[in-house]
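Inspection log for the structure reproduced underneath, given as structure tokens.
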There are 2 protein chains.
Amino acid sequence: MEQRSQLVLFKTSGAPTFIVDCKSKGSDIPQLGDDESYSLEVTPQEITLKSNTVVGAIRGLETLVQLVTPTQNGYVLPAVTIKDQPRFPWRGLHIDVSRHFQPIEVLKRNIDAMAAAKMNVFHWHLTDDQGFRIESKIFPKLQGMGSDGLFYTQDEAKDLIAYAADRGIRVLPEFDMPGHTTAWMVGYPDLASAPGPYEIERHFGIFDPTMGEMAKLFPDEYIHIGGDENNGKQWSSNPAIQAFMKKKGIASNVDLQTYFSQRVLALVNKHGKKMVGWDEVLAPGLSKDVVVQSWRGATALDQGAKDGYNMILSQPYYFDAMFPASRHYLADPVPANTPLTPEQQKHVLGGEACMWGEVVTPQNIDSRIWPRNLAIAERFWSPQSVNDVNDYYRRENIVSPQLELVGLKHLSSVDGMVRAASGSAEIAPAVATLVKYVEPYMLWIRERDRSKSPTQLWSLTSLEDAVNTDQPAGREIAANVDRLLNDPSFNAGSADLQSAFNELAPLDKTYAAAAAGNPNLDKATPRAQDLANLGRAGLEALNFIKQNQPVPQTWLADKLALIDRANQPTAMLRIAWLDSFRRLAYIAAYRSSYSTMTPDQWKAKVIADSTPKRDRE
Amino acid sequence: MEQRSQLVLFKTSGAPTFIVDCKSKGSDIPQLGDDESYSLEVTPQEITLKSNTVVGAIRGLETLVQLVTPTQNGYVLPAVTIKDQPRFPWRGLHIDVSRHFQPIEVLKRNIDAMAAAKMNVFHWHLTDDQGFRIESKIFPKLQGMGSDGLFYTQDEAKDLIAYAADRGIRVLPEFDMPGHTTAWMVGYPDLASAPGPYEIERHFGIFDPTMGEMAKLFPDEYIHIGGDENNGKQWSSNPAIQAFMKKKGIASNVDLQTYFSQRVLALVNKHGKKMVGWDEVLAPGLSKDVVVQSWRGATALDQGAKDGYNMILSQPYYFDAMFPASRHYLADPVPANTPLTPEQQKHVLGGEACMWGEVVTPQNIDSRIWPRNLAIAERFWSPQSVNDVNDYYRRENIVSPQLELVGLKHLSSVDGMVRAASGSAEIAPAVATLVKYVEPYMLWIRERDRSKSPTQLWSLTSLEDAVNTDQPAGREIAANVDRLLNDPSFNAGSADLQSAFNELAPLDKTYAAAAAGNPNLDKATPRAQDLANLGRAGLEALNFIKQNQPVPQTWLADKLALIDRANQPTAMLRIAWLDSFRRLAYIAAYRSSYSTMTPDQWKAKVIADSTPKRDRE
């Protein structure tokens, strides 16, 4: 029987009517496969939002809110007709709260932003080596000794689940095992070190009741059991485990992991849940009920789908890789050239963006996830054919500040942290300029540099923790170099480039002056020197190009050396536009040979010679 | 018996020991008169924090945190010896959540900042004409119909009270009556309009049980019953009330208010509480138990103290007046020239800063309270003799960004709201310049301008809602004009002024270009024109001064006319440095007469002629 409900809002005389026409309630709590479609029509007389379910109406309301434009005389809606539905049913954001704890309000504001971006799975990475973050009432030492006091009570978890459900978002809890379980062992050390041939069995003495407790706490039909990155070293060196394997006839660590996964799967099923695991759980004989999350990327995803498993893609959606949004945006779980048959494609349920917690704090986590997550959310929701990067960035620029009104701090946290590092409510102009032109390095380069420090105790308050990635100023340099390369009169883009280089050229002196006496800022002084060098070299290049004048003999080599220096991870502040800058140097060096070949030949030569080898391999 | 507890932290070999030596627990929850004193000693070997109570230790810990300086190689503490205690026992922040509701997280982050500033009373203005914001279980229509659904549950209130208590902060609830009670009447209209001679008595049919309910909910020994700004008009025009007054022999509305206050006081006492009220409750015969909060200012405060009442000062600590921090800082509840005897001075318990809610939202409330509340908090805590404004600002500049790490958004909200108004993640440089040099007007000027709009439905998303008051750029202009005036060679400050004016001079064109097509920004285009005019006039003035050249005949009159135009509330964006700019114009105009009199005479003439009349009246 139809439970249609019609809600009429704002019914005042003369004002347009707002009708929400929702055919049925839908699932009690959000579930995989919910009907999220809606249609929206705005006319001067009426706003009509139609959906089959409440969650569909929620998606439509988010669209409606994004259409509202404030003006001096009030809020305005454009007249539109929209029919909309998601491409993939599983559109997730994974947040690791183990390596650095994130308070509930951080999660709530990110869930609000997920709802704005129409994502529907919050994957809560609750346990890892660095912390067991959820209260167990059965084994209280799990959080009591494995979290430094930073954990969520069961009441807080229930509240968050309800909060997410109100926004049409599932909460998928992850209890990562058998690797990444150091935090479990702190309170219950015999899990890890007890003698005797049944060590692995003993794990289940705690895993089983814990899983039962968590299965009751989290209403989603799925539980994520991790299963990733167990390197097996401890297994190989543990005589008890070797004895166990021998007794059970288990030939290798991979087989032992499979044995473990099967046991965990049985547990998960026993408690009425389906299982999700990372790539490693996928071994011959694994039940087709298990959903496999691929951190290994498209090839592993495709293979899983071919083998009939339901798959979700998470690579290249790792935020700590510090990729630009464009790269995320163009990475399609089922690209146009997919090797999968239509039937196999149905096994690709969608994907999840991943925020790992090594170097994120409540201060900067928003800026690591957003606005780039907008690109990923759109990739999961919209058709394959919606893939114009420039148009994406145009819309990102509009929606991104709206997300701060939802509560995110992804834009404002940058200045907040720069102020804190400066120890001053005012940011010196030279510091502001540096911050505009640099980005953080990807996680593994930071880890390489600071390998001597214990991760969780790093003070994450430096400029590298403050600055955002995929910065507009860097993208504009790239776009302007591209314009210049494609303009036969060598003019397009040059005025904007000149203004950027003029801003950078004096930075060695002005930044050093601003940073004097402040070690937080002073650490970046060599980077400011690099930026100033680039600014001056850029002005030289523009001048040679404008004058159509050959560069001095060693000019190009000098500039390439300078670019190489700027490419070192000085102060852990990355200059993301060096490839474009290198191209500009080649344009300048080759300018005078432009008339000696066809424009296409010349352009091809510039591109070929200026592209670093790593991109051509 | 002494319950001394000694806590030793960070005891790792080689590292300094941290000893918290706390003599006794102190009050179960924070109370008026708690011992908040502490001493702190930091040496290379040891940190020792000593206090008589836990709340004293909390105050000392806040000092310790503020001493921590992050450096490239870790956190550093200076070696210090501090003995500290508050000057006044009542150091409050009043937040009106009735006119605009503020979610719990907004209150919590402000309570965190209060703790950082060592304030100890959170005055929660829960009811007013525009909303009844606390759940009553006895009369649920109070919040049910009087809050648009925006109210705190009793559980949330309990949680907030505990949160504040953990930080040594009392929670003082206010139920404002008999004026400001429109919100009560929405659910229970017969309170306001029932016929018959006992209307006022009928109020108590709801006030009494509500007061009882709230007295149980809020553990503080005080309840604030408001009592302010009842204009008596409705009483005068209500025949039932007139009949009641005649019957009781009450001669005037003032007497009726006194009658009402006495009845409410009896109620408050009956429920085991002491009463706080605004100035109006102070009438002959009022019990000396009542604490009177003075919004009328120092004269009323002094009179109350002379009459033996315990008083707290709230004027001039109204944030919506948009006074600079310096004015708050220098306003002392018991100034050096106080007319009070030492015995009478004891009746001044302290003061409260007031954040009224007419034009504040969760987005901008932090920037309205902070950093200026630091000045007020220090005035209430520190000795009278600590009153160097420049040193206050030096320290404000350091502590203010630290408060953002505590969770406040007072600095970052500005750019966040400017981005939202711009509809872009990037703020155009011309918009950033405008924002740097303008401030919001005080509330009553805004209300005059927008008197036709219903207050609670104003969209508070304009630049005037974004920009902060007491801006450093304006203060720097003032300081530099002062330097110039006092330099016989007419050079000091002029380079900085020139750089500011150079920034402003092109603003008419650049701002108009940035604002084109965006009504939110375009509204401020005439103000950008004013700023550009001032910038160009400033450059002219500096040039005349430098060249020691007489200004053209109508130059000064022209500039004064220009300053008058800039003094209009265009776009509701105030130029706070016009008095200094006027002084600069006079310096330029009088420069050539410098040699005709003594320097002191000349300076006196500049000051006399350039000071606007309102300051000399």
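The values are calculated or read from the model by the stated rules, or taken from the named source; none is laboratory data. What you see is a predicted model, and the numbers here were worked out from it, not measured in a lab. Because the Cβ atoms are built from the backbone with ideal geometry, glycine has one as well, and the counts that use them run over all protein chains shown.
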Inset, instruction - Quickly run through region B:586-600 and pick out the residues that are more than 24 Å from B:THR554 (Cα to Cα) and either in a helix (DSSP H, G or I) or aromatic (Phe, Trp, Tyr) (or both). - result: B:PRO599, B:ASP600
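Looking at this structure, is A:ASP579 in contact with an Asp or Glu (Cβ under 9 Å, 6 or more places away or on another chain), among the acidic types (Asp, Glu) and in contact (Cβ under 8 Å) with a residue 12 or more places away in the chain?
The answer is yes for A:ASP579.
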Legend entry - Matching option when the condition is β-branched (Val, Ile, Thr), under 25 Å from the mean Cα position of the chain (by Cα) and surrounded by fewer than 22 Cβ atoms within 10 Å (Cβ to Cβ), among B:THR258, B:THR299: B:THR299
Inset, instruction - Out of A:ALA532, A:ALA557, A:ALA513, A:ALA537, report the one residue that is of a type in the set (A, V, I, L, M), free of Cβ contacts under 8 Å to residues at least 12 places away in the same chain and part of a helix (DSSP H, G or I). - result: A:ALA557
Inset, instruction - Would you mind stating whether A:GLU378 is of a type outside the set (Val, Ile, Thr) and either within 26 Å of B:LEU411 (Cα to Cα) or outside any helix (DSSP H, G or I) (or both)? - result: no
Inset, instruction - Being at the interface with another protein chain (Cβ under 7 Å from one of its Cβ atoms) and under 19 Å from B:ALA524 (Cα atoms) is the filter here, so list the residues in region B:420-432 that pass it. - result: B:ALA420, B:GLY423, B:SER424, B:GLU426
Legend entry - Set B:ARG87, B:ARG99, B:ARG109: member being more than 14 Å from chain A (Cβ to nearest Cβ) and modelled with pLDDT of 95 or more: B:ARG87
Inset, instruction - From B:ASN387, B:ASN373, grab the single residue that is of a type outside the set (A, V, I, L, M, F, W, C) and either modelled with pLDDT under 95 or surrounded by 23 or more Cβ atoms within 10 Å (Cβ to Cβ) (or both). - result: B:ASN373
Inset, instruction - Report whether or not B:ARG583 is touching a strand residue (DSSP E or B) at 6+ places or on another chain (Cβ under 9 Å), assigned to a helix (DSSP H, G or I) and at pLDDT 95 or above. - result: no
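Being assigned to a loop (DSSP other than H, G, I, E, B) and either within 9 Å of chain A (Cβ to nearest Cβ) or closer than 21 Å to A:SER422 by Cβ (or both) is the filter here; which residues of region B:381-419 pass it? Full working, then the answer.
So the first thing to find is which residues in region B:381-419 are assigned to a loop (DSSP other than H, G, I, E, B), and the list is B:382-388, B:407-411.
B:GLY407, B:LEU408, B:LYS409, B:HIS410, B:LEU411 - these are the residues of region B:381-419 that are assigned to a loop (DSSP other than H, G, I, E, B) and either within 9 Å of chain A (Cβ to nearest Cβ) or closer than 21 Å to A:SER422 by Cβ (or both).
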Legend entry - Of all residues making up region B:540-554, the number that are part of a helix (DSSP H, G or I) and within 21 Å of B:SER580 (Cβ to Cβ): 7
Legend entry - Selection from region A:45-84 of residues that are within 23 Å of A:LYS23 (Cβ to Cβ) and either among the hydrophobic types (A, V, I, L, M, F, W, C) or within 14 Å of another protein chain (Cβ to nearest Cβ) (or both): A:ILE47, A:LEU49, A:VAL54, A:VAL55, A:ALA57, A:ILE58, A:LEU61, A:LEU64, A:VAL65, A:LEU67, A:VAL80, A:ILE82
Legend entry - The lone exception for A:ALA473 - which of (1) under 30 Å from the mean Cα position of the chain (by Cα); (2) without any contact (Cβ under 8 Å) to a residue 12 or more places away in the chain it fails: (2)
Legend entry - Pairs with Cβ under 8 Å, 6+ apart, first in region A:85-98 and touching a residue at least 12 places away in the same chain (Cβ under 8 Å) and among the aliphatic types (A, V, I, L, M), second in a loop (DSSP other than H, G, I, E, B) and surrounded by 24 or more Cβ atoms within 10 Å (Cβ to Cβ): A:LEU93/A:MET119; A:VAL97/A:ARG133
Inset, instruction - Return only the number of the condition from (1) more than 14 Å from chain B (Cβ to nearest Cβ); (2) in a helix (DSSP H, G or I) that A:ASP496 does not satisfy. - result: (1)
Inset, instruction - Scan region B:563-593 for residues that are farther than 27 Å from B:ILE445 by Cα and surrounded by fewer than 19 Cβ atoms within 10 Å (Cβ to Cβ) and jot them down. - result: B:SER592, B:SER593
Legend entry - Residue check for A:ILE369: more than 10 Å from chain B (Cβ to nearest Cβ) and farther than 23 Å from B:ALA425 by Cβ: no
Inset, instruction - Kindly list the number of the only condition in (1) among the β-branched types (Val, Ile, Thr); (2) surrounded by fewer than 20 Cβ atoms within 10 Å (Cβ to Cβ); (3) assigned to a strand (DSSP E or B) that fails for B:ILE29. - result: (3)
Inset, instruction - Would you check if A:GLU439 is more than 7 Å from chain B (Cβ to nearest Cβ), under 18 Å from the mean Cα position of the chain (by Cα) and surrounded by 20 or more Cβ atoms within 10 Å (Cβ to Cβ)? - result: yes
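Table: residues versus (1) at pLDDT 90 or above; (2) surrounded by 20 or more Cβ atoms within 10 Å (Cβ to Cβ).
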position: A:TRP444; (1), (2): no, no
position: A:SER451; (1), (2): no, no
position: A:SER459; (1), (2): no, no
position: A:ASN468; (1), (2): yes, yes
position: A:ASN486; (1), (2): yes, no
position: A:ALA492; (1), (2): yes, no
position: A:LEU497; (1), (2): yes, yes
position: A:LYS509; (1), (2): yes, no
Inset, instruction - Can you work out which of the residues in region A:517-557 that are away from chain B (no Cβ under 14 Å) and of a type in the set (Gly, Ala, Ser) is surrounded by the fewest Cβ atoms within 10 Å (Cβ to Cβ)? - result: A:ALA557
Inset, instruction - Please work out which residue is farthest from the chain's Cα centre (by Cα), limiting yourself to region A:274-294 and to residues that are crowded, with 19+ Cβ neighbours inside 10 Å and either assigned to a loop (DSSP other than H, G, I, E, B) or small (Gly, Ala, Ser) (or both). - result: A:LEU286
Inset, instruction - Evaluate the following for A:LEU340: is it over 19 Å from the mean Cα position of the chain (by Cα), farther than 26 Å from B:GLY423 by Cβ and away from chain B (no Cβ under 14 Å)? - result: yes
Inset, instruction - Looking only at region B:356-371, decide whether some residue is over 20 Å from B:SER413 (Cβ atoms) and touching a helix residue (DSSP H, G or I) at 6+ places or on another chain (Cβ under 6 Å). - result: no
Inset, instruction - Assess whether B:ASP465 counts as being within 9 Å of chain A (Cβ to nearest Cβ), closer than 20 Å to B:ALA515 by Cα and not small (Gly, Ala, Ser). - result: no
Inset, instruction - Within region A:317-353, count every residue that is under 10 Å from A:ILE376 (Cβ atoms) and either part of a loop (DSSP other than H, G, I, E, B) or not charged (D, E, K, R) (or both). - result: 8
Inset, instruction - Report those helices (runs of 4 or more DSSP H) wholly inside region A:75-173 carrying at least 1 residues which are closer than 30 Å to A:PRO383 by Cα. - result: A:104-116, A:154-166
Inset, instruction - Report, by residue number, each residue of region A:343-366 that is closer than 18 Å to A:MET442 by Cα, more than 14 Å from chain B (Cβ to nearest Cβ) and not hydrophobic (A, V, I, L, M, F, W, C). - result: A:GLY357, A:GLU358
